[in-house]
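Trainee: Following this message is one structure expressed as C-alpha cells.
The values are calculated or read from the model by the stated rules, or taken from the named source; none is laboratory data. This is a predicted model, so every value here is computed, not measured. Positions of Cβ are backbone-derived with ideal geometry, glycine not excepted, and every protein chain shown enters the neighbour counts.
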Amino acid sequence: MEGFQFQTIKTIRAEPGSSARIGELIKEIGAERVLVVTDPGIKGLGLLEAMLSGLDDAGVTVTLYDKVEADPPEASVLEAGALACESEAEAVIGFGGGSSMDTAKLASFLARSDQPLSEAYGVNNARGERLPLIQVPTTAGTGSEVTPIAIVTTGEATKMGVVSPILYADYAMLDADLTLGLPSKVTAATGIDAMVHAIEAYTTKFKKNPVSNALAREALSLLGSNIRTACEDGGNREARAAMLLGSLLAGMSFANAPCAAVHALAYPIGGHFHVPHGLSNSLVLPHVLRFNAPVAESQYAEIAGIAIPGIEASGDAMTERLAAGFEILINDLAIESCLRDVGISHNQLPMMAEDAMKQQRLLVNNPREVGYDDALEIYQAAF
C-alpha cells in the first residue's frame, strides 16, 4: 500500500432536532457572541427559528448575516467577514446550503486573519487562523460542512476557490428535521451532486486512498438507496437522515481525493446561466462517465451496483450501464436532463468549453485527460 494522508473535521453530531440545542455547544466552546450566516430563503422558510431560540435561551448574542447568494460573489463574502469583525463575533455558524457554509468558512477566516481574500485563492495559500466554526447543512448535497474548500464568484462568471485545512469546521451538525420540507427537485439535484462527489473521489487521478474509497462507497450506498424515497416521500425522516449522512461522507471523501471533470464542466453552466450547482453536475454526469470509460471502466464497475441499485455487479459495459442508470434516475426524478432544458443554446457551447478549460485545478484530477475538443463533445452530447 502506498502512503497517504487523510484529514477531516473534529466533531460530527447527527441527530434530528439537534440544531435547536446548538446554544449548548456554543457555550461549551466559550463563545458569547456568534455570527449566523444564511440566505434569505432559509430565513423566509422559518428554518432558523428553533436554532435562534436555543441560542437566545443559552444567553448567546446573535448577529445575523442573511444575504448569502447562490454562487456567492466576492463582495458578499467580504461583507460577511466585515460583519464578523464589527459584531466582535467569537464563533461563526454556517446554516444552509453550500453557499452559506462556504461564506461562513471565509467569514470565520477573514475575522481572524489579516490576509486579503485575493491572496488566499488557490491551494494552501490561506494564512492565519479563524474563529470557531460550526456548520449546519439544510440540504443533502454539497458536503461543504466537512470540506476545506470555499468557492467564490470573482467575476461575471468566474469562480475561484480557497482550499486550505484552515477552513475545516470544528463541528458539523446533521439535523434531518431541517430537510423534511425540501422540494423534490432540490432533493434530487443536491442528492445527485453528492453522488458525483463520491464517484469523482473514487476515480480521481491523484490522492485516491483506502479511506476516501471506503467513504465514497458507503456514501453511494446511502444515497443510491434513499434518493428516490427522499424525493417521493419528503417527510420520511429516515431517508432524509440517510441522505444527509451520505452527503457528509461523500464530502469527507472528495475533500481528500479531489473532484474532476464533472465539476469542471458544471461550473460554466452555473456561472453563465445561474443553474443550481447540483443540477449543473447532473446535466453532464452521464456524458463524462462515458468519456472516462476507456480508462476508468474497472473503477466504475466496482461502484455501479452500489450507486444504482438493480445494476448487476458484474458483466460487460458497466460504465454504459452506470451512465444509463443515472439517465433513468434523472428522468424518474423529473429534473432537467439536457442543456437546452435550462435555456442554453447550441452556439454557446464553444464558449462554455473554453471556460471549462480554466478549471485546471479540477481537470488535472480526471482519470482521462480533457482538452477543449473533448469538453465541447461532452457538452454537445449533453445538449
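Trainee: Does Ala241 satisfy the criteria of being free of Cβ contacts under 8 Å to residues at least 60 places away in the same chain and in contact with a Ser or Thr (Cβ under 9 Å, 6 or more places away or on another chain)? Spell out how you get there, then give the answer.
Mentor: On the way: free of Cβ contacts under 8 Å to residues at least 60 places away in the same chain: no; in contact with a Ser or Thr (Cβ under 9 Å, 6 or more places away or on another chain): yes.
So Ala241 fails the test.
Trainee: Further question on the same structure: Consider the stretch 199-233. How many of its residues are assigned to a helix (DSSP H, G or I), farther than 23 Å from Glu15 by Cβ and within 18 Å of the chain's Cα centre (by Cα)?
Mentor: 11
Trainee: Check the stretch 147-164 and report whether any residue there is crowded, with 21+ Cβ neighbours inside 10 Å and either within 22 Å of Gly30 (Cβ to Cβ) or over 18 Å from the mean Cα position of the chain (by Cα) (or both).
Mentor: Scanning the stretch 147-164 turns up no residue that is crowded, with 21+ Cβ neighbours inside 10 Å and either within 22 Å of Gly30 (Cβ to Cβ) or over 18 Å from the mean Cα position of the chain (by Cα) (or both).
Trainee: Pairs only if they're at least six apart or on different chains, beta carbon under 8 angstrom, first in the stretch 148-173 and assigned by TED's automatic domain parsing to the domain that holds Pro137 and among the charged types (D, E, K, R), second modelled with pLDDT of 95 or more and crowded, with 18+ Cβ neighbours inside 10 Å; list them, first residue then second.
Mentor: Asp170/Ile9; Asp170/Pro132; Asp170/Leu133; Asp170/Ile134
Trainee: Taking Leu52, is it closer than 24 Å to Ala140 by Cβ and without any contact (Cβ under 8 Å) to a residue 24 or more places away in the chain? Reasoning before the result, please.
Mentor: Values: closer than 24 Å to Ala140 by Cβ: yes; without any contact (Cβ under 8 Å) to a residue 24 or more places away in the chain: yes.
For Leu52, the condition - closer than 24 Å to Ala140 by Cβ and without any contact (Cβ under 8 Å) to a residue 24 or more places away in the chain - is met.
Trainee: Something else about it: Only one residue in Ala82, Ala104, Ala89 is hydrophobic (A, V, I, L, M, F, W, C) and surrounded by fewer than 24 Cβ atoms within 10 Å (Cβ to Cβ). Which one?
Mentor: Numbers: Ala104 fails: surrounded by fewer than 24 Cβ atoms within 10 Å (Cβ to Cβ); Ala89 fails: surrounded by fewer than 24 Cβ atoms within 10 Å (Cβ to Cβ).
Of Ala82, Ala104, Ala89, the one residue that is hydrophobic (A, V, I, L, M, F, W, C) and surrounded by fewer than 24 Cβ atoms within 10 Å (Cβ to Cβ) is Ala82.
Trainee: Which ranges mark the helices (runs of 4 or more DSSP H) fully within the stretch 284-383 that have 3 or more residues being hydrophobic (A, V, I, L, M, F, W, C)?
Mentor: On the way: elements: 318-332, 349-356, 360-363, 372-382.
Output list reads 318-332, 349-356, 372-382.
Trainee: From the set of residues in the stretch 251-275 that are more than 14 Å from the chain's Cα centre (by Cα) and in a helix (DSSP H, G or I), which is farthest from Thr190 (Cα to Cα)?
Mentor: For the stretch 251-275, the residue satisfying everything is His272.
Trainee: Of all residues being without any contact (Cβ under 8 Å) to a residue 12 or more places away in the chain and in a loop (DSSP other than H, G, I, E, B) in the stretch 3-49, which is farthest from the chain's Cα centre (by Cα)? Just the residue, please.
Mentor: Looking at residues that are without any contact (Cβ under 8 Å) to a residue 12 or more places away in the chain and in a loop (DSSP other than H, G, I, E, B), I get Gly3.
Trainee: Name, by its number, the condition in (1) surrounded by fewer than 16 Cβ atoms within 10 Å (Cβ to Cβ); (2) under 14 Å from Ser280 (Cβ atoms); (3) not charged (D, E, K, R) that does not hold for Gln359.
Mentor: (1)
Trainee: Moving to a separate point now. Which one of these does Ser184 not meet: (1) surrounded by fewer than 22 Cβ atoms within 10 Å (Cβ to Cβ); (2) closer than 20 Å to Asn365 by Cβ?
Mentor: (2)
Trainee: Might you let me know whether the stretch 56-66 holds any residue that is touching a residue at least 24 places away in the same chain (Cβ under 8 Å), more than 23 Å from Phe109 (Cα to Cα) and not in a loop (DSSP other than H, G, I, E, B)?
Mentor: So the first thing to find is which residues in the stretch 56-66 are touching a residue at least 24 places away in the same chain (Cβ under 8 Å), and the list is 56-66.
Right, trim to more than 23 Å from Phe109 (Cα to Cα) and you get 56-59.
From what is left, the residues that are not in a loop (DSSP other than H, G, I, E, B) are 56-57.
Scanning the stretch 56-66 turns up at least one residue that is touching a residue at least 24 places away in the same chain (Cβ under 8 Å), more than 23 Å from Phe109 (Cα to Cα) and not in a loop (DSSP other than H, G, I, E, B).
This table checks each residue for (1) over 18 Å from Ile42 (Cβ atoms); (2) touching an Asp or Glu at 6+ places or on another chain (Cβ under 6 Å).
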position: Leu83; (1), (2): no, no
position: Ala89; (1), (2): yes, no
position: Ile93; (1), (2): no, no
position: Ser100; (1), (2): no, yes
position: Arg112; (1), (2): yes, yes
position: Asn124; (1), (2): yes, no
position: Arg127; (1), (2): yes, no
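Trainee: Further question on the same structure: Quick one: Glu28 ticks every box in (1) in contact with a Gly (Cβ under 8 Å, 6 or more places away or on another chain); (2) modelled with pLDDT under 95 except a single one, so which number is it?
Mentor: All conditions are met except number (1).
Trainee: Of everything in the stretch 301-317, what is surrounded by 24 or more Cβ atoms within 10 Å (Cβ to Cβ) and either on the phi > 0 side of the Ramachandran plot or not small (Gly, Ala, Ser) (or both)? Give them in sequence order.
Mentor: Matches in the stretch 301-317: Ile303 only.
Trainee: Taking Tyr300 as meeting all but one of (1) under 26 Å from Glu156 (Cα atoms); (2) of a type in the set (Phe, Trp, Tyr); (3) within 23 Å of the chain's Cα centre (by Cα), write down the number of the exception.
Mentor: Every condition holds for Tyr300 apart from (1).
Trainee: Only one of Ser184, Ser212 is modelled with pLDDT of 95 or more, closer than 21 Å to Leu322 by Cβ, among the polar types (S, T, N, Q) and assigned by TED's automatic domain parsing to the domain that holds Ile303; which?
Mentor: Numbers: Ser184 fails: closer than 21 Å to Leu322 by Cβ.
From the options Ser184, Ser212, the qualifying one is Ser212.
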